[in-house]
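In what follows, a structure is listed as structure tokens, so that the remarks can point back to it.
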Amino acid sequence: GPHFIAGGDYNAKHIQWGSRITNPRGRALLSSIQHNRYETITGGAPTYWPTAASKLPDLIDFFICKGINHLYKTTNNTTDLSSDHSPITLSLHSQPTMITPKPSLIAGLNDWDLFRTNVTRNLNRKLPLKTDLDVENAVEYFNTAIQSAAWQSS
């Protein structure tokens with residue numbers, strides 16, 4: 001139908017929804033999400049807390065939805081660690097919730113290949129870094145290159 005919500009542990013990692021890395025499951029799931037014009041909803045924080053020291057926390061529990069206006073939903077990450085996953089709840093409201101959006105360089109989905117291409121093309125790696133002013137100028141240049149690439153690829 002035109003409206004649905006599905007939430008759970010997808011074991012699919014993709015930087016598009018806030019994971020640290022992207023894995024094959026994440027690429028496949030993102031392809032399906034984009035093809036069907038679905039939306040991902042996360043709490044913006046890790047939901048998987050591995051016990052193995054060689055693994056790092058990551059965000060793999062989230063919601064996929066379609067046709068649900070963002071003004072009527074909020075998420076909350078719960079820190080109850082009764083397992084290696086922390087719960088995320090999605091609340092639907094009958095009235096719009098006015099939440100100030102977090103500042104973001106990108107609007108919606110981002111074309112990460114285009115972003116990478118733009119950064120590579122626009123970033124000068126041969127700037128001098130001999131004085132404090134050189135470093136300040138290089139940081140300003142770097143920030144501008146990242147911002148421009150983000151704006152051009154979203």
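Structure summary
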{"quantity": "Residue within region 102-123 that is at pLDDT 85 or above, loosely packed, with under 10 Cβ neighbours inside 10 Å and within 23 Å of E140 (Cβ to Cβ) present", "calculated": "yes"}
{"quantity": "Residues being farther than 28 Å from P103 by Cα and either surrounded by 10 or more Cβ atoms within 10 Å (Cβ to Cβ) or at pLDDT below 90 (or both) - total across region 130-139", "calculated": "1"}
{"quantity": "Criterion (out of contact with any Pro (no Cβ under 6 Å at 6 or more places or on another chain) and under 21 Å from T22 (Cα atoms)) met by exactly one of L105, L123, L133", "calculated": "L105"}
{"quantity": "Within region 129-154, tally of residues that are part of a helix (DSSP H, G or I) and more than 30 Å from G26 (Cα to Cα)", "calculated": "10"}
{"quantity": "Positions within region 2-15 being over 14 Å from S86 (Cα atoms) and without any contact (Cβ under 8 Å) to a residue 60 or more places away in the chain, in sequence order", "calculated": "A6, A12, K13, H14"}
{"quantity": "Qualifying position, being without any contact (Cβ under 8 Å) to a residue 12 or more places away in the chain, outside the structural domain of F142 (by TED's automatic domain parsing) and more than 26 Å from S153 (Cα to Cα), among T78, T22, T97, T47", "calculated": "T78"}
{"quantity": "Check on F142, in contact with a helix residue (DSSP H, G or I) (Cβ under 6 Å, 6 or more places away or on another chain), of a type in the set (F, W, Y) and either assigned by TED's automatic domain parsing to the domain that holds Y38 or modelled with pLDDT of 80 or more (or both)", "calculated": "no"}
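The values are calculated or read from the model by the stated rules, or taken from the named source; none is laboratory data. What you see is a predicted model, and the numbers here were worked out from it, not measured in a lab. Note that we place each Cβ from the backbone using ideal geometry, even for glycine, and neighbour counts take in every protein chain shown.
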